[in-house]
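Inspection log for the structure reproduced underneath, given as structure tokens.
Readers should treat all values here as calculations from the given coordinates under stated rules, not as data from a laboratory. Keep in mind it's a predicted model, so treat the numbers as computed, not measured. Cβ sites come from the backbone with ideal geometry, for glycine too, and all protein chains shown count toward neighbours.
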Amino acid sequence: MLRKNRLFTPGPTPLLPPAQAAMASFSLHHRTADFRTLYMRALADLKQFVGTKNDVLVLASSGTGAMEASVSNLTSPGDKVLVLTAGKFGERWRDLAQAYGCAIELVTVPYGETFRLDEIRKRLTSDVRCVYLQATESSTGARHDVQGIVKLVRANGDNTLLVVDAITGLGTTHFDIDGWGIDLIIGGSQKALMIPPGLAYLAVSERAWQRMESTQSPRYYFDLRKERKAAARGESAFTPATSLIGALSASLDYIRQLGEGDLVTGRGVLIAGAELCAEMTRAAVQALGLKLFSPSCPAAALTAISAPPGIDSGAIVKEFRESFAAVVANGQGEMKGKLFRIAHLGYYDYVDTIGIVAALEHVLAKIGGRPIQYGTGLRAAQEVYACQANRETVPAVV
């Protein structure tokens, strides 16, 4: 049988073919008028994709670089910060804040769960300078209530800034960044934008720019003020990842085409696709007798699935790879061996979902320790899709 490598991981995700072509043919020097035109267009398009009127910057780094920049630019040593952690990436916020000498207040919940707003409210004192959280905790498949948390932070006054890691959230979840009052939101190229790792992007509010004028943490490459100044003239402060910028532009054009010429509409199509594929996958998993790892707060970007009793999730990951050349993700940290993760973000659609569900049935039949009725998961996924298709075709009642 033909073996065709496919990524079902929450990053890197499958590459968009037009973006691959743009990358392969890219030859512009970064200090030329042609590149400046391309770069300014990409930044303007990113604003629409993110959904903000705030400045959007691009860094040649992984998303963690932008996370670090949001700590080094917005805090001084000794500043009190509130870190919301429910998984490996929440713990990354904790570690970054610690590295820059912040006084850390933690709100911690078990992996797979989300935060209670009343607990956050109790910790939001007037001296908290920044709140750091994930939109989607991609180590557990949990989605957090960003809107509810923003309301609490804004009620605490302008002295408190809200920073959101939406690296797997952007393009899979709706955010009203300006309307809600998010101060800094972070994305990454290898997620919903469907291009390789190497670019981080972030939208920065005026409150956050004002904070940077008084903070004293050391910064050089990740000095966002330098990037803002350079971006205003169509450049980056340091050498950009030029071919990735070409790929980024091609990806944003593709998303615009999804919206029949409107990038904001295209973003909505991308989000709706992730939501539908996630719902299909959850239905299939439960029909097969498996347990969702984050059942009360499931994300659209990915689905985390508990391994069957007595089965190491690493064996499931291995069987996907060996039988179908399909790459799904194991658990991270303390959850390694206990769960596996299937992503739905970016260049990923109905057929991909049906394919991975069918493969899951075979994997479980081989190593799951119990008989599988083929088609059980597929039927559940198909019914979700059919229900959605029927809703879209039924005329609205006036």
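What to note about this one:
- Nearby lysines by direct alpha-carbon distance to Lys226 (threshold 22 angstrom, same-chain neighbours under 8 apart not counted): Lys47, Lys53
- Straight-distance candidates among the lysines for linking to Lys366, with alpha-carbon spacing under 24 Å and chain neighbours fewer than 8 residues away dropped: Lys4, Lys291, Lys318, Lys336, Lys338.
- Distance from the alpha carbon centroid of region 220-280 to that of region 45-124 works out to 21 angstrom.
- With both labels modelled 7 Å from their Cα along Cα-to-Cβ, the Arg123 to Ala103 distance reads 1.6 nm.
- Evaluating 6.51 cos²θ - 1.76 cosθ + 1.60 at θ = phi - 60° for every residue in region 122-127, the Karplus couplings come out as 5, 8, 7, 7, 5, 8 Hz, glycine and proline recorded as x.
- Spatial separation of Cα centroids for region 369-391 and region 150-195, in angstrom: 34 Å
- Working ranking of peptides 7-13, 166-172 by packing, defined as the average number of other Cβ atoms within 10 Å per residue, highest first, is 166-172, 7-13.
- Summed residue charge, Cβ within 12 Å of His30's Cβ, Lys/Arg positive, Asp/Glu negative: 0
- Distance between modelled label sites at Asn390 and Tyr374, nm, 7 Å Cα→Cβ extension: 2.8 nm
- For the chain, calculated [θ]222 nm from helices alone, where every DSSP H run of n ≥ 4 adds -39500 (n - 2.57): -13500 deg cm²/dmol
- Lys336-Val269 FRET efficiency (beta carbon distance; Förster radius 45 Å; 0.05 resolution): 0.85
- Charge tally in the Cβ shell below 12 Å around Arg116, where Lys, Arg are +1 and Asp, Glu are -1, Arg116 excluded: -1
- Region 181-190 - phi-based ³J(HN,Hα) in whole Hz, Karplus 6.51/-1.76/1.60, Gly and Pro as x: x, 6, 8, 8, 10, 10, x, x, 5, 8
- Across region 272-283, computed HN-Hα scalar couplings (Karplus, 6.51 cos²θ - 1.76 cosθ + 1.60, θ = phi - 60°) run 4, x, 5, 4, 5, 4, 5, 5, 4, 5, 4, 5 Hz from first to last residue, x flagging Gly and Pro.
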